[in-house]
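Enquirer: Sharing a structure, written as structure tokens. Questions coming.
Read-outs throughout are calculated quantities, based only on the coordinates presented, and are distinct from any laboratory measurement. Predicted model only: the values in this text are computed from it and were never measured. Here the Cβ positions follow ideal geometry from the backbone for every residue, glycine too, while neighbour counts run over all protein chains shown.
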Ligand code: LLP
């Protein structure tokens with residue numbers, strides 16, 4: 001039942017996260033609520049950093065992909081761990097800057113950055129802007145020139161790799177809205193264009209092949225393909241790029257049956273490939289960046305709900321309805337994503353029933369999990385959905401004008417609110 005080290009069961013038989021009793025948390029803060037274990041987040045960030053130190057001589061750094069879970073406190077945690085941050089919108093950039101995140105440690109992504117977003121990136125001296133297309137390159141060069149600045153850029157490349165994951169979250173193949181294609185020569189053309197421009201400085205290339213990937217081979221292949229391109233760029237332009245951004249995408253444990261490899265293994269294998277390739281191609285070892293998102297926060301977070309109606313449809317199924325749903329976790333509706341569900345106040349009991357956990361939105365597809373194992377529950381019980389730390393809060397909506405739940409951060413058993421629960425006033429705040 002446990003999908004991460006931060007989840008346990010205490011002597012009352014209650015589920016705990018980061019040492020805090022989730023039934024008490026539900027009482028104190030209400031439901032639905034997202035709860036994170038800060039130590040688990042920090043542990044994951046450190047593990048990634050350590051893997052670069054151990055296997056790549058420390059010649060790289062971790063840039064947390066904040067789209068997985070972005071709020072001010074998360075930015076502060078990254079800052080205090082010495083991790084960089086990757087943002088993908090003006091809103092994420094604003095959040096990071098608002099807590100004093102060092103702008104040189106921010107990487108700005110996105111396949112269709114607006115002029116205002118590019119201006120904000122240049123005005124705030126963001127460390128790297130990962131340029132997605134020629135229109136953006138030209139726009140950025142102009143914006144930087146108007147300000148008498150030079151923007152440090154990377155290009156997003158589609159390395160043509162088909163990672164084995166859900167269609168909607170794989171991005172490395174040629175038919176993708178992200179980045180420059182290799183096969184068509186588009187990437188090389190962009191490199192040459194950038195090298196001829198006065199107000200952008202090309203530092204390296206970036207690729208991100210997809211998300212929730214368990215195999216290491218596609219990452220190794222991506223590194224190989226990228227370095228071949230570095231060699232080709234050197235041959236054609238005489239320029240040797242000094243940085244290589246390999247993106248994120250490392251899979252996490254959603255189900256007990258899943259067994260992701262330790263992140264150190266990824267870095268060990270990829271480092272070996274980079275070393276080999278560089279030697280055989282006559283390249284210097286580039287500074288490496290990795291951008292884990294899900295693997296930093298995913299298993300560090302859970303969502304607490306209160307059970308409402310339990311509807312048994314004989315011979316068909318039992319619906320257990322909760323006081324949240326697709327508005328706070330759209331991932332089942334979008335990807336049929338897997339989760340483990342536990343009754344927090346009966347966590348020590350066997351999960352002997354098979355039920356479907358449904359949300360409260362006015363939509364049949366508003367499910368959290370179908371045909372999942374759960375303890376026998378009744379109205380008023382507390383449900384915990386595990387491993388909801390990534391892409392839940394950050395993908396939440398106000399569908400049905402449902403206010404977003406708060407985010408509670410637990411550290412060494414002590415809880416604090418880091419994002420307040422929305423009120424109806426918040427939901428209607430911008431209405432005229
Ligand atoms: N870097 C780039 C450029 C990315 O596009 C992403 C994720 C990451 C890093 C972080 O990937 P991670 O380590 O979190 O897998 N909403 C989907 C996931 C979309 C991922 C988008 N890009 C989901 O809920 O599964």
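Enquirer: Helix 186-195 versus the longest principal axis of the chain: what is the Cα-based angle in degrees, 0 to 90, to the nearest 10?
Expert: 60 degrees
Enquirer: Please order 294, 46 by the number of other Cβ within 10 Å, starting at the fewest.
Expert: Values: 294 24, 46 14.
Least to most surrounded, the residues fall as 46, 294.
Enquirer: Please express the Cα-Cα pair-distance distribution P(r) of the range 109-292 as a list of whole percents, one per 10 Å bin, running from 0 to the bin with the greatest distance.
Expert: Spelled out per bin, shortest first, that is 9, 36, 34, 16, 3, 0.
Enquirer: Rg(Cα) of the range 1-106 divided by 2.2 N^0.38 Å? If you can, show how the numbers build up before the last one.
Expert: Values: Rg = 16.4 Å, N = 106, 2.2 N^0.38 = 12.9 Å.
Ratio of Rg to 2.2 N^0.38 Å for the range 1-106: 1.27.
Enquirer: What order, most packed first, do the peptides 307-317, 402-412 have when packing is the mean number of other Cβ atoms within 10 Å of each residue?
Expert: Numbers: 307-317: 11.8, 402-412: 20.8.
Result, highest mean Cβ count within 10 Å first: 402-412, 307-317.
Enquirer: Taking 0.36 nm per residue of separation and subtracting the Cα-Cα distance, what length does fully extending residue 239 through residue 183 add? Walk me through the numbers on the way to the answer.
Expert: Working: separation 56, 0.36 × 56 = 20.16 nm, distance 2.05 nm.
My answer for the length gained is 18.1 nm.
Enquirer: So what is the calculated 222 nm ellipticity per residue for the chain, using -39500 (n - 2.57) for each DSSP H run with n of 4 or more, over all residues, to the nearest 500 deg cm²/dmol? Mind dumping the intermediate values first?
Expert: Details: 12 runs with 130 residues, N = 432.
Counting only the DSSP helices, I get -9000 deg cm²/dmol.
Enquirer: Label residue 261 and residue 317 with points 7 Å out from Cα along Cα→Cβ: what is the distance between them in nm?
Expert: 3.5 nm
Enquirer: Binned at 5 Å from 0, what are the whole-percent values of the Cα-Cα distance distribution for the range 187-317, short to long?
Expert: 2, 9, 16, 17, 13, 11, 9, 7, 5, 4, 3, 3, 3, 1, 0
Enquirer: Additional query: Give, in nm to one decimal, the length gained when the segment between residue 232 and residue 10 is fully stretched (0.36 nm per residue of separation minus the Cα-Cα distance).
Expert: Details: separation 222, 0.36 × 222 = 79.92 nm, distance 5.82 nm.
Result for the pair: 74.1 nm of gain on full extension.
Enquirer: What is the log10 of I(q)/I(0) for the range 122-167, computed with the Debye formula using one identical point scatterer on each Cα and no solvent, at q = 0.23, 0.29 Å⁻¹?
Expert: Debye intensities relative to I(0), on a log10 scale: -0.80, -1.10.
Enquirer: 7 Å from Cα along Cα→Cβ at both residue 174 and residue 72: what's the point-to-point distance in nm?
Expert: The answer from the label model is 4.8 nm.
Enquirer: What angle, in degrees between 0 and 90 and rounded to the nearest 10, separates the Cα long axis of helix 263-281 from the longest principal axis of the Cα atoms of the chain?
Expert: 10 degrees
Enquirer: Of the listed peptides 325-338, 60-73, what is their order by residue-averaged count of other C-beta atoms within 10 Å, with the highest listed first? Don't skip to the end; give the middle numbers.
Expert: Details: 325-338: 20.4, 60-73: 23.9.
In descending order of packing, they fall as 60-73, 325-338.
Enquirer: Determine one quarter of the surface area of the Cα convex hull of the chain, which equals its mean projected area, and express it in nm² to one decimal.
Expert: If I average the Cα hull's projected area over directions, I get 21.7 nm².
Enquirer: On C-alpha positions alone, give me the angle between the axis of helix 134-146 and the longest principal axis of the chain, in degrees, nearest 10.
Expert: For 134-146 against the chain, the angle is about 70 degrees.
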